[in-house]
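Presented below is the structure to which this report refers.
The values are calculated or read from the model by the stated rules, or taken from the named source; none is laboratory data. Note that the structure is predicted; figures quoted are calculated from it, not measured. Every residue, glycine among them, receives a Cβ derived from its backbone with ideal geometry; neighbour counts consider all protein chains shown.
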Amino acid sequence: MSVATRFEGLDTRSRVVGGVGSVLLALTVLSFVLAPGLTGSLALAFAAFVAVSVLVDEEHTVGFLLFVTTTSTVVILAFITVYLLVNAVPVVREMGLYLLYGSDPFWDTSANVYSLVPMVWGTVVTTLIATLVAAPLGVAGAVFISEIAPDWAREIVKPAVEMLAGIPSIVYGFIGFTIINQFMQQELSLPTFGSLFVTGFVVGIMALPTVVSVAEDAIASVPDPMRDGAQALGATDWQTTTSVTLPAAFSGISAAVLLGVGRAVGETMAATVILGNVTKLPDPLVDVFGNTITLTSLIASQYGNASGLHFSALFAAGVFLFVTVMALSVGSQLIERRMRRTLGGDA
Amino acid sequence: MSLGTSVDSAETLVGETSTTREYASGGLVVLSFLAFAVGLLGLFQYLPVDTSVAGLPVATLLGGSLTLVGAGTVALGVGSYTGALDSEPSHTGGLVSAGFLGLIWFVVGGLVGAQTLGLSTAWPVVALLTGLAGTGVALLAREDLGVTVSAGSFVLLSGVVVLSGLVGPGWSWDPESFSIVLTGLVGVPVIALFAGLVGAWTAARVYGGFGAQGRQTGAYVLVGTNAAGMLALLAAVVGFIVVRGFAPMTEGIRYGLFWGPVTWFNPPLLDSWVIVEGPIVWFYWPFVMEGYGLNTPIDGILPAIVGTVWLVVGAVAFAVPLGVGAAVFLTEYAEQGRFTFLVEISTNGLWSTPSIVYGLFGLAFLVPRLGNTPSLLSGQLVLGFMLLPLVVITSRESLKSVPDEYRDASAALGVSRWETIKSVVLPAAMPGVVTGVILGVGRIAGETAPILLVTTSSPFPSEVTNVIQGGFRFTGSFPFVAVPTVDLVQTSSALPYQLFAVIGAGLGENLDFAWGTALVLLLVVLCLYAVGIASRLYFRRKLNA
């Protein structure tokens, strides 16, 4: 059904309400973008229109308002995309591909040279370590909760995992900063304060609850008759889990891991606090105990004194992050969608 | 007696109650976990491996128990192979186990080749050979022999290495391309942790009598340890912060009960004040009632607490109407199609957008338009954007779980769609929506990155941001009443930012202050989570009952 035919299908009243309301609201949003001074009066006009309209025809007005709220997520996402991109344009124009494969010096604010190579490397290494921590432990945790645990254990572990998800990232960062960093320096004679390894490990712990809860949903959505079939053939519980449940939930579990990776990529405060945030590559490159910077901690540690091209370079880092995480998010959604289709139903 | 016979027959049906194999392997599982636990204590230097317990160094004890576990599992495997112990092994150890063991042996071979034998280029060959041997033995020999020999000899080797002092308290290793130096104080516990887990897994497999049952027992031991580890992690993080932060947080609390003036007023036509006296509870908690750097002996975090409250209130006021509205539209009005797909994609996209990206967006879009200064209002909006997808997702779930019968019954009475939603669907879905909002608030209350960019300025505020200015009062000019002005366009602190600011300023003398702040933040956030989780459990039970 095309937009035009849909519009034909609406009655006059919803056309009036929707039409006038949309125009007023669009004007309000537009004025906030272009001339914030006018926003107040336009918003007032919109509110007055809605108030009158509710009194005249509640049913249609509410329908229109609900539709407007639904578009809010799309609009916000669009605004984020546009503003990140627009602000990143100057540095891309200036530096070109040097942003992605620069060489030493990578990041020099006085000479206006910007390359994201150390940040991307830092993000990649911490994310890899975090995934190595979060993926196996998270999937094992999900298997425990949904397949193995007796009821009493499930009722302890499941809320505990959710509580783990609630611990703010700055608290993890604080613990990493005061305790783990000190431990690394004292017991392992690490010469610098902070390392990629500790950051990756802590970020992995932080991504763990995401992996557990999403993977658990995936495992729980495998229909019970599939399990019953395996058990009727005399398989043990563990055989059922490994040869029926986990393969059936495989795509859901990989979606969970992808989401966990997304969390790890975007984790900011732990990396900012734990890492030394030097804009150089570790030497040698494979030294996971070395110090560098991640895309997120670059923004958090340098936004304060940034202006001009430097400011724009931070937005380039933001775009890089945003695109990566968005790709992971969309990817995991497509996988989940496929899994739901193959398993049938929306159980 | 008939009771006894029935028990006996049941036992013979299932098998002997406990065989030698089960006793021996059960003991080895326990011993492995002991080594694991001591390894943990040793790693964190609570029980350094060079200290002595009962006359023996911890390292020797660890080495001894690992040797015992290794030798024991191999012996049990051989016993099972020769038929001395009864078990039900499969003809192979299984591909996954063999691969896993091969990996372990690959690492062992690599380390020995490169470090002990000092082979600079040929170590991959050694590693590959040992790896292949480890895999081959586990894969090709019958399960009871293959798995126990491959895994058991790894544990045995680890034990012997530690016991003989090859890797002892005095040992140190400086890996070439890494900037750390591994000493025995860390190396021995790491070996104990790893070998302990492998030992527990192998011994549990023996305990289950090999075969499908054995694999299940082995896997359950590992998965169970992992779950216990997560509980321990939560307990450790929370416990640690409570222990360190409790004293600074509660320092200087004073309270008392007084008899004093409660209220006083001047009655008309009387030239004196009437004073009503009564008991007054007096309570003073400096850490949460004072600012930083005032003339008080104890620095407090009141400005941060008030800032967080304002941020959360604003974010909820922004996100909840939008989020619930969107959820209602998606479940009650919209048909599945391109539009809902787009909304779903962007909702999930917003959910996974990194918090620092929200901060950048706020810095570029909101801050210049809202007074061109970091402000509470920008922070509220940005946190509202972050809360929005959470509210949409959870509200949608709970709206979906309202049975269609409710809607049908209402529609059958001739009630319109919106009336049905308003008076039937939304009330039924309310508990789920509220729970979702509480959990979401718990998440945004702990967010640092966005407010760092758009709200905060002073790292150690002494004064609370004065949002409501002037009170409700009567005035002399039209319209004779003045309402308080609400000024949200000012900077403010917030709890997570306060913690970040202390770290940034250098902990030094502020370390206790930082632990106290961390504890308050953790308490606020975890209380929100606990309330959210508990209410969800409560309503779910009520729904199922």
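Each row is one residue, and each column tells you yes or no for (1) modelled with pLDDT of 90 or more; (2) crowded, with 21+ Cβ neighbours inside 10 Å; (3) hydroxyl-bearing (Ser, Thr, Tyr); (4) out of contact with any His (no Cβ under 7 Å at 6 or more places or on another chain).
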position	(1), (2), (3), (4)
B:ASN295	no, no, no, yes
B:GLY300	no, yes, no, yes
B:GLY325	yes, yes, no, yes
B:PHE329	yes, yes, no, yes
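Where helices (runs of 4 or more DSSP H) sit wholly within the stretch A:229-347, those with at least 2 residues that are at pLDDT below 85 and within 11 Å of chain B (Cβ to nearest Cβ) occupy A:308-343.
Annotation: of all residues in the stretch A:92-143 being in a strand (DSSP E or B) and free of Cβ contacts under 8 Å to residues at least 60 places away in the same chain, the one that is surrounded by the fewest Cβ atoms within 10 Å (Cβ to Cβ) is A:ASP108. Residues satisfying the criterion are absent from the stretch B:516-523 (criterion: in a loop (DSSP other than H, G, I, E, B) and buried (at least 19 other Cβ atoms within 10 Å of the Cβ)). Close contacts from the stretch B:200-213, counting a first residue that is within 9 Å of B:VAL29 (Cβ to Cβ) and a second that is of a type in the set (D, E, K, R), with Cβ to Cβ under 6 Å and a gap of 6+ residues or different chains, come to B:TYR207/B:GLU22. Given the condition within 9 Å of chain A (Cβ to nearest Cβ), within 18 Å of B:GLY442 (Cβ to Cβ) and in a helix (DSSP H, G or I), answer yes or no: does some residue in the stretch B:329-338 qualify? For the stretch B:329-338, residues within 9 Å of chain A (Cβ to nearest Cβ), within 18 Å of B:GLY442 (Cβ to Cβ) and in a helix (DSSP H, G or I): absent.
When B:GLN380 is tested against (1) in a helix (DSSP H, G or I); (2) at the interface with another protein chain (Cβ under 10 Å from one of its Cβ atoms), only condition (2) is not met. Mind listing just one residue for me: the one in the stretch B:159-189 that is away from every other protein chain (no Cβ under 11 Å) and either in a helix (DSSP H, G or I) or among the polar types (S, T, N, Q) (or both) and, of those, farthest from the chain's Cα centre (by Cα)? The qualifying residue farthest from the chain's Cα centre (by Cα) is B:SER164.
Quick one: A:GLY229 ticks every box in (1) within 21 Å of the chain's Cα centre (by Cα); (2) more than 16 Å from B:VAL237 (Cα to Cα) except a single one, so which number is it? If we test A:GLY229 against (1) within 21 Å of the chain's Cα centre (by Cα); (2) more than 16 Å from B:VAL237 (Cα to Cα), just (1) comes out false.
Quick check on B:ALA317: is it surrounded by 23 or more Cβ atoms within 10 Å (Cβ to Cβ) and under 31 Å from the mean Cα position of the chain (by Cα)? It is false that B:ALA317 is surrounded by 23 or more Cβ atoms within 10 Å (Cβ to Cβ) and under 31 Å from the mean Cα position of the chain (by Cα). May I ask you to verify whether A:THR292 is over 19 Å from A:ASN87 (Cα atoms), in contact with a Lys or Arg (Cβ under 7 Å, 6 or more places away or on another chain) and either surrounded by 15 or more Cβ atoms within 10 Å (Cβ to Cβ) or in contact (Cβ under 8 Å) with a residue 60 or more places away in the chain (or both)? The answer is yes for A:THR292. Checking each residue in the stretch B:219-255 for being without any contact (Cβ under 8 Å) to a residue 60 or more places away in the chain, assigned to a helix (DSSP H, G or I) and either of a type in the set (Gly, Ala, Ser) or farther than 22 Å from A:VAL139 by Cα (or both) picks out B:ALA219, B:GLY224, B:ALA227, B:ALA228, B:GLY229, B:ALA232, B:ALA235, B:ALA236, B:GLY239, B:PHE240, B:VAL243, B:THR250.
Going through (1) touching a Pro at 6+ places or on another chain (Cβ under 9 Å); (2) in a helix (DSSP H, G or I) one by one, A:LEU85 falls short only on (1). Pick from A:GLY173, A:GLY194: which is surrounded by 24 or more Cβ atoms within 10 Å (Cβ to Cβ), small (Gly, Ala, Ser) and not in a helix (DSSP H, G or I)? Criteria check complete, one pass: A:GLY194. Of the listed requirements (1) over 33 Å from the mean Cα position of the chain (by Cα); (2) facing chain A (nearest Cβ under 10 Å), B:LEU156 misses just one: (2).
The C-beta contact set for the stretch A:315-338 (first residue in the same structural domain as A:VAL222 (by TED's automatic domain parsing), second residue among the acidic types (Asp, Glu), distance under 9 angstrom, 6+ apart or interchain) comprises A:GLN333/B:GLU344. Restricting A:GLY166, A:GLY200, A:GLY176 to residues that are touching a residue at least 24 places away in the same chain (Cβ under 8 Å) and within 17 Å of the chain's Cα centre (by Cα) narrows the list to A:GLY200. Checking B:SER172, B:SER158, B:SER153 one by one, the residue that is in contact with a Gly (Cβ under 8 Å, 6 or more places away or on another chain) and at pLDDT below 85 is B:SER172 and no other. Residue count for the stretch A:61-90 satisfying the condition of being more than 7 Å from chain B (Cβ to nearest Cβ), within 16 Å of B:VAL357 (Cβ to Cβ) and aliphatic (A, V, I, L, M): 5.
Of the residues in the stretch A:155-177, not one is farther than 26 Å from B:VAL242 by Cα, among the acidic types (Asp, Glu) and either more than 7 Å from chain B (Cβ to nearest Cβ) or in contact with a helix residue (DSSP H, G or I) (Cβ under 6 Å, 6 or more places away or on another chain) (or both).
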